[in-house]
């Protein structure tokens, strides 16, 4: 099949996992490939590591702004978030360019700094231990629901300063926002609109509480922060809240699930990590490189430009395939091998440049805490059947994963 005949937007192309062989072919034959789009204007597939980095670090030419389409393949300025309509939601700062993006980032960044993470570390270790205690002496478990989904959503509830009993609301809203192409998870437009209304009302109530009685949680920090004398508005906060619950949940949940699968598929690397627990530092980053829970992000050309000698016109969409760049043979030695001690360039699972994931250090802290304790308790844990994945061209998401613990 010719590359021109492949619909790179089709979620079914990713139904059994990211098609690495196909994208290796793209990198060899046409690393900046124009993909036609049924009912759309088409887009460039950016597949090489150096090109993804170059585009990501030039926001004045390659924009994330909602006004030009935002950060997804579909146009956010037309359909908004999860197809709700652009007028329904305020743009999150992931769909902004400098200098607006920088102001939002400065409001959030203190909550994810090293000193704050040091305070969170004991709580995360306690939650990991409690989760694994619940497994008791069982031989098997459905890992995604019972373990991987629980840790990040519990940590997120702590970060937001909300009752743990409300965490399942965050989980459900997060799934609704990213599962627009999965018939098992997709809700009717009416139910989705109802859920988003409930989420907005919940978030607004938290904001009003924190404005009146600020505490030490993330929402209080947003409600009281000032950058250059400017405060975040309630409307801007609502867009940020959506980003926090999706970003704080999906990346870590799927990295934990995919990490267990990788250690099962590469038992030599599991043994290496067991023999040298200090490798958990590099292993956490390697898990994110290998799994790449967010498969792509989008930019839009703000001006006529050129990339790889090809003319890129103003308004052209560029899809940055992180999952391809993370397996680029020219960037990573033995790129198709999972290596817990990998010493190489920065993996792109968290993005790079202007939009590098603000919660990356928190995600890595959770991964390190989890795998240190999980392998100590279950050194022979392995996956017993192929995982079921979310039908999506955006999120490498796990629905379920059968794991034999002992």
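Take the conditions farther than 30 Å from residue 33 by Cα and either at pLDDT below 95 or buried (at least 21 other Cβ atoms within 10 Å of the Cβ) (or both) and apply them to residue 235. Does it pass?
Criteria met by residue 235.
Yes/no matrix, rows are residues, columns are (1) buried (at least 22 other Cβ atoms within 10 Å of the Cβ); (2) in contact (Cβ under 8 Å) with a residue 60 or more places away in the chain:
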position: 280; (1), (2): no, yes
position: 296; (1), (2): yes, yes
position: 309; (1), (2): no, no
position: 345; (1), (2): no, yes
position: 351; (1), (2): no, yes
position: 362; (1), (2): yes, yes
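Using the structure shown, decide if residue 65 is at pLDDT 90 or above and surrounded by fewer than 15 Cβ atoms within 10 Å (Cβ to Cβ).
Here the answer is no, as residue 65 does not meet what is asked.
In the set 402, 392, which member is surrounded by fewer than 21 Cβ atoms within 10 Å (Cβ to Cβ), farther than 18 Å from residue 140 by Cα and touching a helix residue (DSSP H, G or I) at 6+ places or on another chain (Cβ under 9 Å)?
392
For region 180-196, does any single residue satisfy the condition of being surrounded by 21 or more Cβ atoms within 10 Å (Cβ to Cβ), touching a helix residue (DSSP H, G or I) at 6+ places or on another chain (Cβ under 6 Å) and either within 19 Å of residue 397 (Cβ to Cβ) or touching a residue at least 40 places away in the same chain (Cβ under 8 Å) (or both)?
Taking every residue of region 180-196 in turn, none turns out to be surrounded by 21 or more Cβ atoms within 10 Å (Cβ to Cβ), touching a helix residue (DSSP H, G or I) at 6+ places or on another chain (Cβ under 6 Å) and either within 19 Å of residue 397 (Cβ to Cβ) or touching a residue at least 40 places away in the same chain (Cβ under 8 Å) (or both).
Which members of region 288-319 meet the condition of being under 24 Å from residue 335 (Cα atoms) and part of a loop (DSSP other than H, G, I, E, B)?
292, 293, 295, 308
Go through region 263-281 residue by residue and tally those that are in contact with a helix residue (DSSP H, G or I) (Cβ under 6 Å, 6 or more places away or on another chain) and outside any helix (DSSP H, G or I).
The qualifying residues number 0.
Take residue 265 and tell me if it is surrounded by fewer than 19 Cβ atoms within 10 Å (Cβ to Cβ), within 23 Å of the chain's Cα centre (by Cα) and either touching a residue at least 40 places away in the same chain (Cβ under 8 Å) or closer than 30 Å to residue 73 by Cβ (or both).
Yes; evaluated as a whole, the condition is true for this residue.
Does residue 91 qualify as being at pLDDT below 95, touching a helix residue (DSSP H, G or I) at 6+ places or on another chain (Cβ under 8 Å), closer than 30 Å to residue 386 by Cα and in a loop (DSSP other than H, G, I, E, B)?
no
With respect to the numbered conditions (1) in a loop (DSSP other than H, G, I, E, B); (2) over 25 Å from residue 268 (Cα atoms); (3) over 20 Å from the mean Cα position of the chain (by Cα), which one is the sole condition not fulfilled by residue 358?
The one condition residue 358 does not meet is (3).
Taking the residues in region 13-41 that are at pLDDT 95 or above and surrounded by fewer than 13 Cβ atoms within 10 Å (Cβ to Cβ) as candidates, determine which candidate is nearest to the chain's Cα centre (by Cα).
Taking the candidates together, the pick is 21.
Check 331, 323 and return the single one that is at pLDDT 95 or above, buried (at least 17 other Cβ atoms within 10 Å of the Cβ) and outside any helix (DSSP H, G or I).
So the residue among 331, 323 that is at pLDDT 95 or above, buried (at least 17 other Cβ atoms within 10 Å of the Cβ) and outside any helix (DSSP H, G or I) is 331.
Starting from residues that are touching a helix residue (DSSP H, G or I) at 6+ places or on another chain (Cβ under 8 Å) and assigned to a loop (DSSP other than H, G, I, E, B), keep the ones in region 211-236 and report whichever is farthest from residue 102 (Cα to Cα).
Residue satisfying both the conditions and the ranking: 214.
Which of the residues belonging to region 103-120 are farther than 18 Å from residue 224 by Cβ and in contact with a helix residue (DSSP H, G or I) (Cβ under 8 Å, 6 or more places away or on another chain)?
Across region 103-120, the qualifying residues are 114, 117, 120.
The values are calculated or read from the model by the stated rules, or taken from the named source; none is laboratory data. All values reported here derive from a predicted model rather than from experimental measurement. Don't worry about glycine lacking a Cβ; one is built from the backbone with ideal geometry, like all the others, and counts go over all protein chains shown.
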